[in-house]
Each structure stands twice: as C-alpha cells, then as structure tokens.
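The values are calculated or read from the model by the stated rules, or taken from the named source; none is laboratory data. Note that the structure is a prediction, hence the values are computed from the model and not measured. We place every Cβ from the backbone using ideal geometry, glycine too, and count neighbours over all the protein chains shown. Just the protein is used for accessible areas: all its heavy atoms, side chains included, with ligands, DNA and RNA removed. Shrake-Rupley method; radii C 1.70, N 1.55, O 1.52, S 1.80 Å.
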Amino acid sequence: MRADQVEASWDPGHNNWLLRICVGEEVIRRHCSAPKDADERVLKSISQQTLRDEGYEPEPGEFKILPR
C-alpha cells in the first residue's frame, strides 16, 4: 500500500520532528529524533524508513516539509 502524503513539521513541544502519514482519511503521526536543522534529504530518508516500518511503500505520493 502507498501513502498519499507525508508531511514533516518541527514540533517545539517535543523538540523533534513530527511525521504525518496520510492514507485516505487515516492520519498516522510519528515523532523522529532528527536535528532541528535537518535538510530535506535527511527528513525524506527518515520518512521512507518510517513508511517501511508501518508497512507502506517507501515512496509517498507527496512529501512536504512544513515551515518551522
């Protein structure tokens, strides 16, 4: 199965990145411990591993990094 979209945003409350995996109406939220200044390449790699861990194909339909 393929995720429709993955959004990465900095969560200041937890001081780490939050990944939102959207599949249809379902949204799965996972925190990851990448540094705040992580670039798109690092965040995309982490999101791909998270998708695999959750049982999805590693390439989402869309990948976004929301402003910090």
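Where in the chain are there strands (runs of 3 or more DSSP E), lying wholly inside it, with at least 3 residues that are free of Cβ contacts under 8 Å to residues at least 40 places away in the same chain?
16-23, 26-32
Which one of these is open to solvent by 50 Å² or more (accessible area, probe 1.4 Å) and either under 14 Å from ASN16 (Cβ atoms) or in contact with a helix residue (DSSP H, G or I) (Cβ under 7 Å, 6 or more places away or on another chain) (or both): PRO35, PRO60?
Going through PRO35, PRO60 in turn, just one is open to solvent by 50 Å² or more (accessible area, probe 1.4 Å) and either under 14 Å from ASN16 (Cβ atoms) or in contact with a helix residue (DSSP H, G or I) (Cβ under 7 Å, 6 or more places away or on another chain) (or both): PRO35.
Give the residue that is surrounded by the most Cβ atoms within 10 Å (Cβ to Cβ), with candidates limited to residues of the range 1-29 that are within 18 Å of PRO67 (Cα to Cα) and in contact with a helix residue (DSSP H, G or I) (Cβ under 8 Å, 6 or more places away or on another chain).
The residue in question is VAL6.
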